[in-house]
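What follows is a set of notes on a single structure, which appears directly below.
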Amino acid sequence: MTLREKMYREQRLKTLFEQAQRHGFDYADGILERNVFPSAQALTNLDRFDEPLPVKSGDAESILTELHSYGSPASVAQTGGRYFGFVNGGILPVTLATKWLTDFWDQNTALYAMSPVTSKLEEICEQWLRQLFKLPDNTVAGFVSGTSAAIFCGLAAARYRIFKNQHWDFNQRGHNGAPPIRIIAGRHTHGAVIKAVALLGFGVDNIEWVDCDDQGRIVPSAMPPIDHSCIILLQAGNVNSGAFDPLHEICDNANSANAWVHIDGAFGLWAGGTKRLCHLTEGMEKAHSWSVDGHKTLNTPYDSGILLCRDKDALVAALQASGAYLNFSENRDGMHYTPEMSRRARAIELWAALKYLGSDGVDELIYGLHERAVQFAYELSAANFKVVNEVVFNQIIVAPSEEDETTQSIIEAIQQSGECWVGGSMWMGKKVIRISVCSWVTNSEDISRSVQAFVQARQAICGK
Ligand SMILES: *Cc1c(COP(=O)(O)O)cnc(C)c1O
């Protein structure tokens, strides 16, 4: 049998896909009970993947079996209810199912001509996001791999616009001899923003750092004077404390000076799409660009980031592309809004999430994360753990000990318990535990059970 005949057969028989479904269901059925982090045995078993590149074509069903046998147990149970590490979201069932279906389509989203349906659904997502976040009518959306990519695009648009206002065509002339651009950022700015500053050639040493308060929010009175050469980097959701910068006042000042404001709201911007937490993002509509993830608090599959920008001309110019074979259309050609050309149809899962949730559902999902974070903080405090931050959103910072080493040992003991997974961070010069409530699955029993894991870990390390 030739390779092609073999693959025709696999496609026709479909047993391979039934097998994938069985394994997937098997995985989902065990997710709530298994260790959150893989067991030592599961990690050792990863050595099974060590082998030379095969010479002969393999058997598809055996490949899937091997992946399920040794891969599934070595995955981290992020889709269960007790994963609180980093800021990683779960996955809404409707988005997972949508991904399955659209995987059969395997669409390339660069141009309308490549996928009219994706072009259409990107357009719908753009409209719905504008409406949900109450952004200006001229706001456009780019669907990228994550917030890191979204920030990069937002700052590229900012750079294009600021230079253009000074009659400098950045695409043609570049940085050499260009007028200076000032970058203003809070001391708690996320690493992904700083990375974009470096990647775009602004120079991290050129950032004008602004002091923050004890929650990590920019202090408005500490802002330097703003002018038309400034890009101001604000955040909606500090990655440790969940705190929101005071957007209102800073955006007003920026707009009077004709400066550009980018708001990084990777997980926190969704507060602005709720009824009960939208006070946190008050004033966000006055910025120029926004970055937000689908794959964190909204619980779409990875990889799903969104760049929103109210200066379409600057964004499209910054991400310009040309080629004789590219037939741009009257319809939405997605590649105008992203750095990539070929791209999977990730906006379809976002569309499914928004259609399924509706604005009420977004409120219920996001506010629910907040409620369980509040419960987590409350139960930890009741168990004599020191909660360091104001739990305004879904993030909790805990200082279980004055000693960094003890805190580290407690973190490791919690992780090794398999009961839940939390990571560490540094906060105001001290080692802390950082908790992110980020999945729709997490219920109040998961929280109480996790608090027990904290208590037991402290007992094991400190004997009390
Ligand atoms: C996660 C995060 C990022 C980076 O987002 P990715 O989707 O991982 O690229 C940027 N900013 C903040 C505040 C984040 O939480």
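Given the DSSP H assignment, sum -39500 (n - 2.57) over each helix run of at least 4 residues in the chain and divide by its residue total; what's the result at 222 nm in deg cm²/dmol, nearest 500?
That calculation yields -13000 deg cm²/dmol at 222 nm.
For every other residue with a beta carbon closer than 14 angstrom to the beta carbon of Asn389, add +1 if it is Lys or Arg and -1 if Asp or Glu, then tell me the sum. Please list the in-between numbers first.
Values: positive: Arg217, Lys386, Lys430, Arg434; negative: Asp213, Asp214, Glu390.
Taking every Cβ under 14 Å from that of Asn389, the sum is +1.
So, R0 is 45 Å and r is the distance between the beta-carbons of Gln172 and Leu101; what FRET efficiency does that work out to, to 0.05?
Calculated transfer efficiency: 0.55.
Using the structure shown, select from Lys99/Lys134; Lys56/Lys99; Lys6/Lys56; Lys312/Lys355; Lys134/Lys296 the pairs with a Cα to Cα distance greater than 23 angstrom. Could the numbers behind the result be given before it?
Values: Lys99/Lys134 28 Å; Lys56/Lys99 31 Å; Lys6/Lys56 13 Å; Lys312/Lys355 25 Å; Lys134/Lys296 21 Å.
Check vs 23 Å cut-off fails for Lys99/Lys134; Lys56/Lys99; Lys312/Lys355.
Can you tell me how much longer the chain between Asp26 and Lys386 gets when fully stretched, taken as 0.36 nm per residue apart minus their C-alpha distance, in nm with one decimal? Write out the running numbers ahead of the final one.
Numbers: separation 360, 0.36 × 360 = 129.60 nm, distance 3.91 nm.
Contour length minus the Cα-Cα distance gives 125.7 nm.
Using just the Cα positions, wrap the stretch 278-330 in a convex hull and report its mean projected area in square nanometres, one decimal place.
5.9 nm²
If you bin the C-alpha pair distances of the stretch 174-228 every 5 Å from 0, what whole percents do you get?
4, 18, 25, 23, 18, 7, 3, 1
Hey, what do the phi angles of the stretch 45-62 turn into as Karplus ³J(HN,Hα) couplings, whole Hz, using 6.51/-1.76/1.60 and θ = phi - 60°, x for Gly and Pro?
Calculated HN-Hα couplings, in order: 5, 4, 4, 4, 7, 6, 6, x, 4, x, 8, 8, 4, x, 9, 4, 5, 5 Hz.
Mind jotting down the three principal axis lengths of the chain based on Cα atoms? Whole angstrom, largest first.
Per principal axis, max minus min of the Cα coordinates gives 67, 61, 44 Å.
What does the extension gain come out to for Glu403 and Ser57, with contour length at 0.36 nm per residue minus their alpha carbon separation?
Gain in length upon complete extension: 119.0 nm.
Sort all Cα-Cα distances of the stretch 3-77 into consecutive 5 angstrom bins from zero, then give the percent of pairs in each bin up to the one containing the longest distance.
3, 14, 20, 19, 17, 13, 8, 4, 1
What do you get for Rg/Rh over the stretch 288-381 if you use C-alpha atoms and the Kirkwood form of Rh?
Rounded to two decimals, Rg/Rh equals 1.12.
Going by amide H atoms built from the backbone, whose H comes under 5 Å of the H on Ile183, apart from near neighbours?
Here the answer is Glu208, Ile231, since their amide H atoms fall under 5 Å of that of Ile183.
With the Cα gyration tensor of the stretch 66-123 in hand, give its eigenvalues times 5 under a square root as the equivalent ellipsoid semi-axes, listed largest first in whole angstrom.
Numbers: eigenvalues 184, 51, 20 Å².
Largest first, the stretch 66-123 gives 30, 16, 10 Å.
Given a Förster radius of 56 Å and the C-beta distance between Met428 and Arg9 as r, what FRET efficiency does 1/(1 + (r/R0)^6) yield to the nearest 0.05? Can you show the working numbers first?
Details: r = 62 Å, r/R0 = 1.10.
With a Förster radius of 56 Å, E is 0.35.
Which whole number in µm²/s is D for the stretch 87-164 by Stokes-Einstein, with the Kirkwood Rh taken over Cα pairs at 37 °C and 0.692 mPa s?
Taking Rh from Cα pairs, D becomes 219 µm²/s.
To the nearest 0.05, how large is the calculated FRET efficiency for Thr65 and Ile124 if R₀ is 45 Å and r is the Cβ-Cβ distance?
0.70
Run the numbers for Cys462 and Arg276: contour at 0.36 nm per residue of separation, minus the present Cα-Cα distance, in nm.
63.0 nm
Below 12 Å, Cα to Cα, which aspartates and glutamates can Lys431 reach? Residues fewer than 8 away in the same chain don't count.
Within reach: Glu402, Glu403, Asp404, Glu405.
Towards the positive end of the charge dipole of the stretch 99-355, with charges on Cβ (+1 Lys, Arg; -1 Asp, Glu), say which of Ala257, Ile348, His228 has the farthest Cα.
Towards the positive end, the residue furthest out is Ile348.
Going toward the positive end of the dipole of the stretch 99-355, with +1 on Lys and Arg Cβ and -1 on Asp and Glu Cβ, which of Val204, Gln127, Gly237 do you reach last?
Gln127
Compute the orientation-averaged projected area for the stretch 120-201 from the convex hull of its Cα atoms and round it to one decimal in nm².
7.2 nm²
Translational diffusion coefficient of the stretch 136-291 at 25 °C, 0.890 mPa s, Stokes-Einstein with Kirkwood Rh over Cα pairs, in µm²/s as a whole number.
In µm²/s, the coefficient is 157.
Quick note: the coordinates plus some simple rules give every number you see, no bench work behind them. Keep in mind that this is a model prediction, so the values were computed, not measured. Virtual Cβ from ideal backbone geometry, glycine too; neighbours counted across all protein chains shown.
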